[in-house]
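One structure is given below, encoded as structure tokens.
The values are calculated or read from the model by the stated rules, or taken from the named source; none is laboratory data. Just so we're clear, the structure is a prediction, and the values are computed from it rather than from any experiment. Glycine also receives a Cβ, built like all others from the backbone with ideal geometry; neighbour counts cover every protein chain displayed.
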Amino acid sequence: MAPISLKDLNEVVDSLPADNTWGPTTTTETTLNGVPYAPFSKGDKLGRMADWTSEGKDREGRGGRQQYNQRYRDQIYGAGPGGLQTVFNLEQSNEESTFSLVDRSQTSSRSRGFGGRGSAVFRGRGARGAQSQRGGRGTFQRVGGRGDRGGYDSRGGRGGRGGGRFGWKNWDKPQRNREASVQPKDSWKLMEEVDFQRLTKLSLDAGDGDDLEDYGFLYYYDRSYDKQPGATTSIRKLQVLDRAAYNVTTSSDPVIQELADRDEATIFATDNILSMLMCSPRSVYSWDIMMVKQNDKIFIDKREGSSLDMVTVNENAADAPLELSEGNKDQINAPGALKEEATHINNVFPTQVVLENENSKHEASHPHPFYDPNEETDPPASKSYKYRRFDLSLSDDSEPLNLIVRTELDAVVKNNISGEDQMMVIKALNEFDNKAQGSGGALDWRTKLASQRGAVVATEMKNNSCKLARWTTQAILAKADLMKLGFVSRQNPKSTTEHVIVGTLGYKPREFASQMNLNLNNGWAIVRTFVSMAQKVEGDAKFVLVKDPNKPTIRLYQVPQNTFEEDEDAGSMMPSVQEDDE
């Protein structure tokens, strides 16, 4: 085809009518062959009519036509699946594209059995059967031992609150579906479901309590451990000493059984169990507590292998330790392994920081209630048990409602000014790896404990709020004068076999509780609330309190009388774990 000259083109233009213009013919019709169409406007995104870039890649690395289609196809008005229908329903499509469904349903547990993850099995050396019967001095089991970690089950509780951060926003975190400490059965009757927000508004003043009985003895605390924390001379190796220590539950305590027979109180508990209930609004992991009503008396108890015996690590951290199933590649830093390690440290540390001198120790009014020298080969650990009574009565109660709790003390120390003996509770915080996932932004204790002890303690208060609140509550219940916190760290962050004591810090329990914003009156009101629910049931009954694994909620179940007894009998039939002599 020959090219058209400019002269011929001008002649064609001059021959056109004067009222004619370039472009499509103007029409007033709103249909095109019976199909409605939308005329274009200046605000429509038409995209590009042609791709003037090269077919390959230009010098800036941008692709040609194929890359153009990938980048700008979705910006073209009406493009994409749906054809003409997409054009006429563009606004609706845009609204639907920004909407998504999120599955908030909780995954069911794989097992309906008892003794789930997070349990502690006390089968150390010296174990003498299961604690399946009330009373009797031959049913106690030792805590801790030589060569192993005291027989603790290596299976830990599932995860904690928070998780890996997908984005920079604090709210942009995946929801963890943790497993409950115990799965309710069909025979369980749900009596009440109480959320933490309601519990935190309660208050009841129970006073300072009265001392009833005291048993055991206490060694004096070794003040050499109070050297400058973090200094090279103050760092000592944590040693495992063979001492007979016990963790006897409420119904297996012969002293509590005797006090119940004498009608000294209506409610009975141990400080370990009671502190969990009093500090329940701070808990994240799932736990369970039994309440047995018998002869109008209520025993706040725990089942065999309860997670209450384990010491949690960074339970309240915003980025708590992950389970192995959640992507944690460090098996020693999983929640279950950390619980086992922390519990082992808290069994060993109090026995090392005392001066074992038989000629200089504080004797209680009665001998050790659980130690039998004819059967034990190891000496007893420094421990004093005080049975104290608190009044939980209300103004409109016709009869007084008293609670007796067995409290524990670990050592005694001389006051520098008055020279009087001061009772002490000893606990240990543990550092696993401040650079690992789940450390909660903890500082390096070896370098920061001496210069920034306030920041170190504040971080521990944030990451271990529930654990520290329970320890402080136990110290106040025992009417201890001091609470000593040891800072124990791994000698090698990649190994859990050896630990070192970086330093110790001492606090007065009530002052420490004030720093943590811990209100014991709220704890007493929580105990009274659930006890009142149990008292409404006529006759003997058994109840189970279960903390929801994924929500701040506690559920109270009424269960059959033989609940958990089958599991305890099965556990007692198993051979005891023997410790290897080293």
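Values for this structure:
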| quantity | calculated |
| --- | --- |
| Residues within segment 276-311 that are among the small types (Gly, Ala, Ser) and farther than 20 Å from ARG198 by Cβ, tallied | 3 |
| Cβ-Cβ under 8 Å pairs, at least 6 apart or on other chains, segment 313-328 side on the phi > 0 side of the Ramachandran plot and surrounded by fewer than 24 Cβ atoms within 10 Å (Cβ to Cβ), far side in a loop (DSSP other than H, G, I, E, B) and at pLDDT below 85 | GLY327/GLY164 |
| Segments classed as strands (runs of 3 or more DSSP E), wholly inside segment 371-435, with at least 2 members that are under 28 Å from the mean Cα position of the chain (by Cα), under 30 Å from PRO321 (Cα atoms) and at pLDDT 90 or above | 421-431 |
| Among (1) out of contact with any strand residue (DSSP E or B) (no Cβ under 7 Å at 6 or more places or on another chain); (2) modelled with pLDDT of 95 or more; (3) more than 27 Å from ALA458 (Cα to Cα), the one test that GLU358 misses | (2) |
| Filter pass, ASP222 being in contact with a Ser or Thr (Cβ under 8 Å, 6 or more places away or on another chain), touching a residue at least 40 places away in the same chain (Cβ under 8 Å) and under 30 Å from VAL457 (Cα atoms) | no |
| Residue satisfying all of: in segment 198-212; more than 28 Å from the chain's Cα centre (by Cα) and either among the acidic types (Asp, Glu) or in a helix (DSSP H, G or I) (or both); modelled with the lowest pLDDT among these | ASP208 |
| Single condition ASN416 does not satisfy, out of (1) out of contact with any helix residue (DSSP H, G or I) (no Cβ under 6 Å at 6 or more places or on another chain); (2) over 21 Å from ALA337 (Cα atoms); (3) crowded, with 16+ Cβ neighbours inside 10 Å | (3) |
| Index of the failed condition, LEU308 passing every other in (1) assigned to a helix (DSSP H, G or I); (2) under 27 Å from LEU212 (Cβ atoms); (3) at pLDDT 95 or above | (3) |
| Looking only at segment 287-301, and only at residues there that are among the acidic types (Asp, Glu) and within 21 Å of the chain's Cα centre (by Cα), the one that is farthest from GLU399 (Cα to Cα) | ASP288 |
| So GLU566, is it among the acidic types (Asp, Glu) and either surrounded by 17 or more Cβ atoms within 10 Å (Cβ to Cβ) or modelled with pLDDT of 95 or more (or both) | no |
| Conditions (1) under 21 Å from LEU429 (Cα atoms); (2) crowded, with 19+ Cβ neighbours inside 10 Å: number failed by LYS237 | (2) |
| Some residue of segment 482-499 being in contact (Cβ under 8 Å) with a residue 24 or more places away in the chain, surrounded by 19 or more Cβ atoms within 10 Å (Cβ to Cβ), farther than 16 Å from MET291 by Cβ and among the charged types (D, E, K, R) | yes |
